[in-house]
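Below is one structure, written out as structure tokens; the observations come after it.
Values in this text are rule-based calculations from the coordinates and carry no lab data. All of these numbers come straight from a predicted model, not from anything done at the bench. Cβ atoms come from the backbone with ideal geometry, glycine included; neighbour counts cover every protein chain shown.
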Amino acid sequence: MATKTIDASLMQKMFLAGAKNLEANKEWINDLNVFPVPDGDTGTNMTMTILSAAREVSTIANPNMASLSKAISSGSLRGARGNSGVILSQLLRGFTREVKSTTEINVETIALACQRATETAYKAVMKPKEGTILTVAKGISDKAATLAAETDDVEEFIAKLIDEAEFVLSKTPDMLPVLKEAGVVDSGGQGLVVVLKGCYDALTGKVTDFTITETDNKPESEGKAGVGAAIENVEIKFGYCTEFIVNLEREFTEKDEKEFKKFLESIGDSIVCVSLDDIVKIHVHTNHPGLAFEEGLKYGSLTKMKIDNMREEHNEKLVTQAEKQAAAASDAMNKVNEAKASNEPKKNFGFITIAPGEGIGQIFRDLGCDEVIEGGQTMNPSTEDILNAADKINAEVIYVLPNNGNIILASNQAASIIEDKKMIVIPTKTVPQGISSLINFEATRSEEENTEAMTEGLSLVKSGQLTYAVRDTSIDGKEIKKDNFIGLGDKGLSSVGTDMHTTLVELVDDLMFDDAELVTVYYGSDVTEEAANEAVEAIKNKFADKEVELQYGGQPVYYYIVSVE
């Protein structure tokens, strides 16, 4: 018997199954990375994005299309990480905008939703590139428009959409030569296909487990800052760590937010009150959790309620674990310094940067950055991470330096969401670009003058990174063997070799230009200072007329980050 419609309950199961299927296949998708370096993270970013929404979706006991759409859209938007994650969040946002006002969806509704999803995602990318997840999404929406006139069977309809998605995916190497040379299809497109297959398995009854586990999907280096310090030598004045989300049923004004915070301060401490779209996220340490819940009910319904008795968890290991769970359940924990920031005099400009290592982070702080988010390749911060950092800065204009091409879209998404201040993203793709851009800032200039000067600073430096290959492949005509050292420049592969320092010197040589004066080398967490000094000597021997500086970067994955300016 043909399935003609999908109700909210079935849509909830389909979405959760799609998210779980993506999570199960994330490492396979990571391995589709074009460059054979140990930082393929498309699968991880897409998984963390969709799970951010899935956790909210899974808490809805009696779903309707409106509540599901809101959870999917807001959850994925805030949790979006990396370019692939941002594009996925935009696809979900467009799709849910079309279905949110319905009670059931049929093939015509799905076709319209697919079209809107594709249009929304394309608009989010400044220069859309074919041969990517966008191309797969467009293939799906085009096919859906044709199929909607041919069948009203939802199962048949979605099965044929998946076939079309796989066909378009198979053609991505013909659209992007770099995919063809590497022998892979587009990883983001593959992730989208995996999500659709999971949805279809739920539709046909192939899968029946829709449980979303609260696993910690963040890279190991994330989530550490501040947590341990908060635990040590703390007298537990308020015994219950209380968290919940308010699904707003009326307008939540700035006055409401101030009053809510004031009430929470009257019953506890460690206050977090984060308003975004149609929800408010709350965290408070209090002796009266029920009072916090009752106050929240004045504004709407409650979900994701969680209470931990911190006094009972006197064992240090248990306390540490509880605090980590609390942080994972609410990224908004990073906003505990918001009140302090709001009491400081407002300044004209503030700065957020993303740094892949503690040494690089300290360099940015020394240059005047207000907030340094630990991250980079393999650990892209989410849109909400950037918004949380902005909330700690009391400034009219906040500049964001992503320092990674895979973080620019999430930064732009944060800039489009923020309401109480202006956020400007300088599209820095590397750490050296970020440092050069920041150096070009002058406090006496206007916003427009600084934006222009900081953007111009990107062209004043060339950047490179040295890492190792995780598989055999060929790129730009260069044969690469597993465990070879490889140097990556601004435009792609620069050097390949079996000796680290020789490959590094070849990388610098590729970056060198006639008017270059300074080479700066940032050594990573896997390099000793002694080895780094040897590397600098090798560079000096090759380029005796250039000044060469060594800095501790502390970055993972990449042995060295290099700038030539």
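General observations
- Beta bridges per DSSP, both residues in the chain: antiparallel share near 70 percent.
- Farthest toward positive dipole pole in segment 492-559 [+1 Lys/Arg, -1 Asp/Glu at C-beta], among ALA544, LEU507, VAL519: LEU507
- Helix-derived mean residue ellipticity, 222 nm - over the chain, DSSP H n ≥ 4, -39500 (n - 2.57), to 500: -15000 deg cm²/dmol
- Expressed as a whole percent, the proportion of Cα-Cα pairs in segment 428-565 lying more than 26 Å apart is 26%.
- The LYS262 and LYS347 beta-carbon pair, evaluated with R₀ = 25 Å, returns a calculated FRET efficiency of approximately 0.50.
- Net length gained if the chain between ILE307 and THR59 were fully extended (0.36 nm per residue, minus Cα distance): 87.7 nm
- Two-site FRET efficiency, LYS127 against GLU449, from Cβ-Cβ distance with R₀ of 25 Å, rounded to 0.05: 0.45
- Amide H within-cut-off set for LEU248, under 5 Å, with H built and near neighbours excluded: ILE279, VAL280
- The GluC sites (Glu not before Pro) of segment 363-413 include none that DSSP puts in a loop with a beta carbon having at most 14 other beta carbons within 10 Å.
- Near ILE398, the amide H atoms lying under 5 Å from its own belong to GLY350, LYS422, MET423, ILE424; only residues 5 or more places off or on other chains count, and H is placed 1.01 Å from N.
- Rounded to 0.05, the FRET efficiency of the ASP420 and ASP499 pair, given R0 = 56 Å and the Cβ-Cβ distance, is 0.60.
- Converting phi to 3J(HN,Hα) with the Karplus coefficients 6.51, -1.76 and 1.60 and the offset θ = phi - 60°, segment 68-79 yields 5, 4, 5, 5, 5, 5, 5, x, 6, 5, 6, x Hz in sequence order, with x at every glycine or proline.
- With a cut-off of 12 Å between beta carbons, the residues surrounding ASP201 carry a summed charge of +2, where Lys and Arg count +1 and Asp and Glu -1.
- Subtracting the Cα-Cα distance of THR208 and ASP31 from 0.36 nm times their residue separation leaves 60.9 nm of extension gain.
- DSSP-loop chymotrypsin sites (Phe, Trp or Tyr not before Pro) across segment 506-565, with at most 12 other Cβ within 10 angstrom: PHE513
- Loop-located GluC sites (Glu not before Pro) in segment 478-537 (DSSP state not H, G, I, E or B) with no more than 15 neighbouring Cβ atoms inside 10 Å: GLU517.
- Rounded to the nearest 20 debye, the dipole size of the chain about its Cα centre is 1360 debye, using +1 on the Cβ of Lys and Arg and -1 on the Cβ of Asp and Glu.
- Coupling constants for segment 398-404 follow from the phi torsions by the Karplus curve (6.51 cos²θ - 1.76 cosθ + 1.60, θ = phi - 60°), and in residue order they are 10, 8, 10, 10, x, 6, 6 Hz; glycine and proline get x.
- Share of pairwise Cα separations in segment 340-460, more than 20 Å, in percent: 34
- A simple rule links phi to the HN-Hα coupling: the Karplus curve 6.51 cos²θ - 1.76 cosθ + 1.60 with θ = phi - 60°, which for segment 444-461 gives 7, 7, 7, 4, 5, 5, 5, 4, 5, 5, 5, 5, 5, x, 5, 7, 8, 9 Hz, with x for Gly and Pro.
- Where labels lie 7 Å past Cα in the beta-carbon direction, separation of PHE513 and THR103 in nm: 6.4
- Label selected from [x] 73, 62, 49; [y] 72, 58, 51; [z] 120, 59, 39, the criterion being Cα extents along the principal axes in Å as computed here: [x]
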